[in-house]
1. Can you flag which of K19/K145; K144/K172; K29/K83; K19/K49; K83/K145; K90/K137 are past 24 Å Cα-Cα?
2. List the trypsin sites (Lys or Arg not before Pro) in the stretch 224-272 that DSSP assigns to loop (not H, G, I, E or B) and whose Cβ has at most 16 other Cβ atoms within 10 Å. Which are they?
3. So, with a 1.4 angstrom probe, what is the percent of accessible area on the chain that is carbon and sulfur?
4. Determine the per residue accessible area of the chain with all protein chains present and a 1.4 angstrom probe, expressed in square angstrom.
5. Give me the orientation-averaged projected area of the Cα convex hull of the stretch 116-195, in nm², one decimal.
6. Calculate the length of the line joining the C-alpha centroid of the stretch 168-186 to that of the stretch 85-137, in whole Å.
7. Expressed as a rounded percentage, what relative contact order does the stretch 157-272 have, with Cα pairs under 8 Å and six or more residues apart?
8. Mind telling me which of S147, S98, S195 comes out most flexible in a GNM of the chain, alpha-carbon contacts under 10 Å?
Amino acid sequence: MVESVKESNSSNISNKNIKPIVEYKKVHKSFGDVEVLKGLDLNIFPGEKVALIGPSGSGKTTIIRMLMTLEQPTSGEIIVDGKNLWHMEKNGKLVPASEKHLREVRGDIGMVFQHFNLFPHMTILQNCMTAPVQVQKEDKESAKKRSIEMLEKVGLGDKLDNYPNQLSGGQKQRVAMARALVMRPKIMLFDEVTSALDPELVGEVLEVIRDIAKEGEMAMVLVTHEMDFALEVADRVIFLDDGVIAEEGKPSEVLEESNNERLQQFLYRFRS
Ligand SMILES: Nc1ncnc2c1ncn2[C@@H]1O[C@H](COP(=O)(O)OP(=O)(O)OP(=O)(O)O)[C@@H](O)[C@H]1O
Ligand SMILES: [Mg+2]
């Protein structure tokens, strides 16, 4: 089963004629005097599953927050499906993007956070339906139908009318995934989605991600400390260190065969 995930994607990635769905071009990001990203160049291809690993503070969250428009690059460009995310064309010139432009381009992207970020006053069905109805102006009945389908897919078809505080952490995280999937993103971003969970709940959440990955068509960027999971699900692993990509390649090359010293030190912590 796992092999089939990779096979379905490897053809995409090896085919150089396929255009990336996301391009970071010489992206720099500083917070005050601290330069966190020092010229990031990164292409992500349609359907590709990318695991992003690296020490705490290396900029993993910053990379995906910039794509989600929660953080603006200091310089450089991010292109999503051929469209410049942070800039738009006006009278033949590139100018800073308007809110409307950001919203449109961001429409292709879904994100699941470490701390779920569900609306506490809404049932889990309402949590899923809200954005399609409010943002995408989808008809309520069709949004409801698709939300139920997604909640069933993540194994929560019997909890539609529950509120988030009636669910376990693993269940909440599965709602967060259903809520992102309902928006039919072309790219899904996962930021350490299992690290706030009790160990016994991690498996059920990884299982859902594994299932989504198998479907194949969505690109996925997974910030994770679950190295075995990265090895299994990712097409490519990227090791971020000191503001740049210090190593990247097939999961086995990066996680098992690389001689990069910083990467060795980093991985050492995960070995039992
Ligand atoms: N809004 C912010 N204001 C100031 N500094 C920030 C902000 N966001 C991130 N940083 C700093 O940028 C650096 C990179 O942060 P980031 O959260 O991207 O790291 P990370 O690789 O995701 O780390 P972790 O594994 O701990 O989640 C850190 O030094 C962090 O303190
Ligand atoms: Mg982080």
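The values are calculated or read from the model by the stated rules, or taken from the named source; none is laboratory data. Note that the structure is predicted; figures quoted are calculated from it, not measured. Note: ideal-geometry Cβ built from the backbone for every residue, glycine included; neighbour counts use all protein chains shown. Heavy atoms of the whole protein, side chains included, go into the accessibility calculation; ligands, DNA and RNA do not. Shrake-Rupley method; radii C 1.70, N 1.55, O 1.52, S 1.80 Å.
1. Numbers: K19/K145 33 Å; K144/K172 18 Å; K29/K83 20 Å; K19/K49 15 Å; K83/K145 31 Å; K90/K137 27 Å.
Violating the 24 Å limit, Cα to Cα: K19/K145; K83/K145; K90/K137.
2. Numbers: sites: R236, R262, R269, R271; in loops: R269, R271.
Sparse-neighbourhood loop trypsin sites (Lys or Arg not before Pro): R269, R271.
3. The C+S portion of the solvent-accessible surface of the chain is 48 percent.
4. Per residue, the chain has 49 Å² of solvent-accessible surface.
5. Details: hull surface 20.3 nm².
Averaged projected area of the stretch 116-195's Cα convex hull equals 5.1 nm².
6. 15 Å
7. Averaging sequence separation for qualifying contacts and normalising by length gives 19 percent for the stretch 157-272.
8. Most flexible of the set in this elastic network: S98.
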